[in-house]
Amino acid sequence: IINEFLEAHKGNLNVARLHSGDLSIWSALGEQIRRLKEKKIKYTITPGVTSFSAASAVLENEFTLPHVSQTVILTRTEGSATPMPNNEKLEEMAKIGATLVIHLSILKLKMCLLKVLLDLKTTYLITSQYTYGLTFKGQRQ
């Protein structure tokens, strides 16, 4: 994408680079900004809606409840391109009792639930909801 920016800049053209969701979470924003600054190309950033916020609206529920959880942990499972740090294991985060919002992991849903359930020494109420293709035609929940 940086080459596209450079070509447009040379032609005195504007470019709109659309990212899905929130640019502050698991995006390539930092890398792209560094390159734009190196090349002295001006830019503006307009944030989108995070998928977890969209999920809350679609599912018609909130992630925090009085006397249940006032903490939300946004995480994901390990992928082939980006490993998870050792101190961020799903089962360790679940022990806190916070609401876990697990991104990009629908194909690993069973593994996620098993890791959380098998590692906990006490019983927690676990509600699992998933969403797919949020804000797109044909979204599912």
Exercise. Among the residues of segment 33-60 satisfying the criterion of being out of contact with any Asp or Glu (no Cβ under 9 Å at 6 or more places or on another chain) and in contact (Cβ under 8 Å) with a residue 24 or more places away in the chain, which is farthest from L18 (Cα to Cα)?
Worked result: L59
Exercise. Pick from F63, F52: which is at pLDDT 85 or above and aromatic (F, W, Y)?
Worked result: F63
Exercise. If you go through segment 1-28, how many residues are at pLDDT 85 or above, of a type outside the set (F, W, Y) and within 27 Å of the chain's Cα centre (by Cα)?
Worked result: 5
For this session: Could you tell me which residue of segment 12-71 is most open to solvent (accessible area, probe 1.4 Å), considering only residues that are polar (S, T, N, Q) and farther than 25 Å from Q139 by Cα?
Result: N14
Exercise. Mind checking whether some residue in segment 96-103 is out of contact with any Gly (no Cβ under 8 Å at 6 or more places or on another chain), part of a loop (DSSP other than H, G, I, E, B) and of a type in the set (S, T, Y)?
Worked result: no
Exercise. Within the bounds of segment 26-34, is there any residue that is touching a helix residue (DSSP H, G or I) at 6+ places or on another chain (Cβ under 8 Å) and basic (K, R)?
Worked result: no
For this session: Determine if segment 77-91 includes at least one residue that is in contact with a strand residue (DSSP E or B) (Cβ under 6 Å, 6 or more places away or on another chain) and under 23 Å from Q139 (Cβ atoms).
Result: no
Problem set entry | Residues of segment 1-11 classified as of a type in the set (S, T, N, Q) and surrounded by 10 or more Cβ atoms within 10 Å (Cβ to Cβ), total | 0
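The values are calculated or read from the model by the stated rules, or taken from the named source; none is laboratory data. Keep in mind that what you see is a predicted model, and the values were worked out from it rather than measured. As a convention, Cβ positions derive from the backbone with ideal geometry for all residues, glycine included, and neighbour counts pool all protein chains shown. When the accessible area is computed, the model is the full protein with side chains, heavy atoms only, and any ligands, DNA or RNA have been set aside. Shrake-Rupley method; radii C 1.70, N 1.55, O 1.52, S 1.80 Å.
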